[in-house]
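The values are calculated or read from the model by the stated rules, or taken from the named source; none is laboratory data. Note that the structure is predicted; figures quoted are calculated from it, not measured. Cβ atoms come from the backbone with ideal geometry, glycine included; neighbour counts cover every protein chain shown. Areas reflect the complete protein model, heavy atoms only, side chains present, ligands, DNA and RNA absent. Shrake-Rupley method; radii C 1.70, N 1.55, O 1.52, S 1.80 Å.
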Amino acid sequence: MTRETLIRAGAAGMIVAGAALGYSYVSHPHHMTPETIASPGWIAIHALFALSLVLGLLGTTALYAATALRSGALGLAGYVTLFVGMMMIFGLDYYEVLIAPYLALHYPAVISDHGAGDAMGAVAVAFPLAGLLAVLGYAALGAAWLRAGIMPRVPAVALIVAALAFGAGLSPLGGLVAARITAAAFGLALIAIGAAAWRAAATRRAEA
């Protein structure tokens, strides 16, 4: 696999991940009752979010691998931080796709008491921490790409700002509307990064 092929594969992953992330957050149900969590719609939305996590992480890994030497220590720190955060988030989403609907159907009292699981026991601490790691990691990686001139200024700055805004939207300072708006913005930033990387790879191939 050539470097340009790796970058285009990563770019495609980022584009699809950004679209899937934005849609899954915008369409996420507000009321997490046992009936809602047991529904096919709940499973579909969280399966789509799982897809955004997998493709986003694969796409980011591909783009970082192709730019690791130029990204420096800040890029490495950002990548490792977002990797840990996204893996933790995927663990909860795995529960929301495969376990929570079963509990909602057969043990609805558990869901009534604890919701979808993000406020259950130690998860109440781990889940916000995972989100914080992911958004800070993306902001740091975006800053490294911007500083090294790896990504164009507009998409790099958009990634930094949208990642930090998404973190604020998911925090207690935000709310449902803020989370949806900032998630959509973050998804668009991932799409912009993917599109910029794709164009750059296509240009280098045409000039070769």
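Between amide H atoms placed 1.01 Å from N, distances below 5 Å from A116 occur with no residue 5 or more places distant or on a separate chain. Across the chain, Cα pairs under 8 Å and at least six residues apart give a relative contact order of 33 percent. Of [x] 20.0; [y] 12.4; [z] 11.5, which one was derived for mean projected area of the Cα convex hull in nm² from the structure shown? Of the listed options [x] 20.0; [y] 12.4; [z] 11.5, [z] comes from this structure.
The simple Förster model, with R0 at 45 Å and r as the Cβ-Cβ distance, assigns A73 and T36 a FRET efficiency of 0.50.
Considering only protein heavy atoms and a probe of 1.4 Å, how much of the accessible area of segment 79-208 is carbon and sulfur, as a whole percent? Taking all protein chains in place, segment 79-208 shows 73 percent carbon and sulfur surface. Local charge for L146 was computed over the other residues whose Cβ lies under 15 Å away, with Lys and Arg +1 and Asp and Glu -1, and equals +3.
What helices does the chain hold that run 30 Å or longer along their axis, going by alpha-carbon atoms, with a Kyte-Doolittle average of 0.0 or more, using DSSP H for the helix calls?
Helix filter hits for the chain: 3-26, 40-98, 123-147, 176-207.
Taking every protein chain into account, the accessible area of the chain amounts to 49 square angstrom per residue (probe 1.4 Å). For the chain, adding -39500 (n - 2.57) for each run of n ≥ 4 DSSP H residues and dividing by the number of residues yields -29500 deg cm²/dmol at 222 nm. Stretched out straight at 0.36 nm per residue, the stretch from V177 to L132 would grow longer than its current Cα-Cα span by 14.3 nm.
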